[in-house]
Amino acid sequence: IAQALAASINDPETASVEVAGGYLNFFLNRTNFARDTLAAIDGQFGHANIGEGRVICIDYSSINIAKRFHIGHLSTTMIGHALKRIFDALGYRTVGINHLGDWGTQFGKMICAYKRWGDAAQIEAGGIDAMTALYVRFHDEAERDPSLEDEGRAWFKKIEDGDPEALAIFDWFKDITLKDAKRVYDKLGVTFDHYTGESFYNDKMGRVIDELTEKGLLIESDGARVVDLEADGMPPCLILKRDGATLYATRDIAAALYRKDTFDFFKCLYVVAYHQDLHFRQWFRVVDKMGYPWAKDLVHVSYGMVSYEGQALSTRKGHVIYLDDLLDRSVEKALAIIEEKSPDLPDKEAVARQVGIGAIVYTALYANRIKDIDFWWDRALNFDGETGPYVQYAHARCCSLLRKAADAGVRPADADSFAALCDDEAQETLRLLSRFPEIVREAADRYEPSMITRHITRIAQAYNKYYYEHRILDDDAAASAARARLTEAVRDTLKRGLWLVGIDAPERM
RNA sequence: GCGCCCGUAGCUCAGCUGGAUAGAGUGUUUGACUACGAAUCAAAAGGUCACAGGUUCGAAUCCUGUCGGGCGCGCCA
């Protein structure tokens, strides 16, 4: 059968068909493959319009007030940011939402601690660290004096009731936290369209309670109000506490209703660690039971837990790496390498920031998101092998070659004969380039930015190998133009891929 | 106890809807900078794909069970 099929295939793009056991091997016309692949590549490579007219809401980063940005926040922040860029590239309209954790009893405790042991000057000077110190102290003191817990709850009640003093302190804490976070976001190049946190939905809970009641879904259980999910094999979803206060799930449902009304999303993504899996399955099901068919468009994009040298992160115990420190050390190391290898580089500090931060971001988006990450300093600060700097280096090398080509009067745009790109190394590079748009779509389908990170790494590897095996610029003008055109396509694709996962691509490093 | 997820080379990970000799990086050993950038490239060594069954012409991949690990399971978020 294979032989009969092989004999019957007559396609101009297929150079030959060979039978190998039960397989048919198709060999493409290498010159045409090079020509067609390169014709499709420009600075927007991978762009599509499949998402036109569709909105994707992405809930990511979602930091808590009064907590400093640490490595545990990196996955949600960078996965969400990358997904935003990926869906943008596919023509969707994306709405990035930082769903701030700015509601709950812990903020009453913060205010309680501040009133007892803090003062304004100390907070202004110490910023978020001073707030963390108060938080830690509250827990220490509350162990000895449990009445503090009640005092904390009372302060939270004041926030809920709109007490001016409580609100003023709380807004002030929020402001300090956001300023600190925004500094980190600026370093990472991460942006949001909205900072609507949990408190934003405080006046939008009534609708959830009313609808659940009307639809007969809300039942009393041990004094609380819940939606029973036994038929779905899940524990009940808690909607109202015994004292009538709302819960996490209530606010998430209120936020989902609001987002559907406001944005009419095609999908609403929640980039949250997998330990909240049950929570999302529960309230997604509640929305479904409320009769909303778009419940199926709510997606928990879960990712693995972060630990530090084998132990769980803990702000309270001080077992934590702050992102500021990590980024600073990475940039510092990048600068040291630049001083050693490229002492004459202009804008050394700026490039060191691009490389140092790129290394951290790359690592966050390298493995499948479900993998747990155990942080080790030496691993995080490695710039060799499959790393951000490796891909950036390949990109910078392409830029360098293209500068040299321009000096020699070789223009990639003049390439019109591609016979020079028929060798195995060039063809492997071209094959990987040609798959890039498909990889971008798959990364979107699977909500998996690491697919892009890994693919651009393979392109960089293939090109580096090609570079060592073949001279790009030589006396043959036509061949040089073709190889320069391949170099340009690699440069554009690496830059594009790096951009999609949130990493800068310096032209020199 | 129940539920979700994970288990592939010493380490960190790829391996998509089952298909040809399971691949990278790192670490170890070794080689390559007087031609375009050595943050690079090349070579060697390194795997009972946790284990046991099953389905199939064919299983790392699908099904069942066992073991090991992470996480979760009502008034926190």
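The values are calculated or read from the model by the stated rules, or taken from the named source; none is laboratory data. The structure displayed is predicted, hence computed values, not measured ones. Areas reflect the complete protein model, heavy atoms only, side chains present, ligands, DNA and RNA absent. Shrake-Rupley method; radii C 1.70, N 1.55, O 1.52, S 1.80 Å.
How big is D for segment A:122-190, in µm² s⁻¹ as a whole number, if Stokes-Einstein is applied with the Kirkwood radius of its Cα pairs at 25 °C and 0.890 mPa s?
Diffusion coefficient, whole number: 179 µm²/s.
Considering only Cα-Cα distances, which of the following residue pairs are longer than 23 Å: A:LYS179/A:LYS204; A:LYS260/A:LYS289; A:LYS187/A:LYS333; A:LYS179/A:LYS267; A:LYS109/A:LYS187?
Too far apart for the 23 Å limit: A:LYS179/A:LYS204; A:LYS179/A:LYS267; A:LYS109/A:LYS187.
Kirkwood hydrodynamic radius for segment A:357-397: how many Å is it when counted over pairs of different Cα atoms? Numbers along the way, then the final one.
Details: mean 1/r = 0.0925 Å⁻¹.
Answer for segment A:357-397: a Kirkwood hydrodynamic radius of 10.8 Å.
At a 1.4 Å probe, what is the % contribution of carbon and sulfur to the accessible area of chain A? Don't jump to the answer; show the numbers that get you there.
Details: 11240 of 23400 Å².
That share works out to 48 percent.
Short version: what are the Cα gyration tensor semi-axes of segment A:292-341, square root of 5 times each eigenvalue, largest first, in whole Å?
Details: eigenvalues 262, 79, 17 Å².
Result for segment A:292-341: semi-axes of 36, 20, 9 Å.
So for segment A:217-298, considering every pair of alpha-carbon atoms, how many percent are separated by more than 20 Å?
On the way: 1062 of 3321 pairs.
The calculated P(r) of segment A:217-298 puts 32 percent of pairs beyond 20 Å.
For segment A:1-85, max minus min Cα coordinate along each principal axis, in Å, sorted largest first?
Principal-axis extents of segment A:1-85 (Cα, largest first): 71, 31, 25 Å.
Based on the Kirkwood radius over alpha-carbon pairs, what value in µm²/s does the Stokes-Einstein equation return for the translational diffusion coefficient of segment A:394-509 at 10 °C and 1.306 mPa s? Provide the component values of the computation, followed by the final result.
Numbers: Rh = 14.5 Å.
Stokes-Einstein gives a translational diffusion coefficient of 110 µm²/s.
Report the far tail of the P(r) of segment A:256-392, meaning the percent of Cα-Cα pairs longer than 17 Å.
Numbers: 6455 of 9316 pairs.
Everything past 17 Å amounts to 69 percent.
Taking all pairs of different Cα atoms in segment A:357-446, averaging 1/r and flipping that mean, what Kirkwood radius in angstroms comes out? Show your work: numbers first, answer last.
Details: mean 1/r = 0.0609 Å⁻¹.
Final number for the Kirkwood radius of segment A:357-446 is 16.4 Å.
Taking just the alpha carbons, could you work out the radius of gyration and Dmax for segment A:37-108, both in angstroms?
Reported Rg and Dmax, both Å: 16.8, 61.
Which of the aspartates and glutamates could a cross-linker span from A:LYS241 if the Cα-Cα distance has to be under 13 Å and same-chain partners fewer than 8 positions apart are dropped?
Correct list for A:LYS241: A:GLU220, A:ASP222.
Excluding ligands, DNA and RNA, what is the solvent-accessible area per residue of segment A:176-260 at a probe of 1.4 Å, expressed in Å²? Can you show the working numbers first?
Working: 4080 Å² over 85 residues.
On a per-residue basis, segment A:176-260 sits at 48 Å².
Let me understand segment A:144-244 better: what is its radius of gyration from the alpha carbons, and its Dmax, in angstrom?
For segment A:144-244, the Cα radius of gyration and maximum Cα-Cα distance read 18.7, 49 Å.
Using only Cα atoms, what is the ratio of the radius of gyration of chain A to 2.2 N^0.38 Å?
Working: Rg = 27.5 Å, N = 509, 2.2 N^0.38 = 23.5 Å.
Normalised by 2.2 N^0.38 Å, the Cα Rg of chain A equals 1.17.
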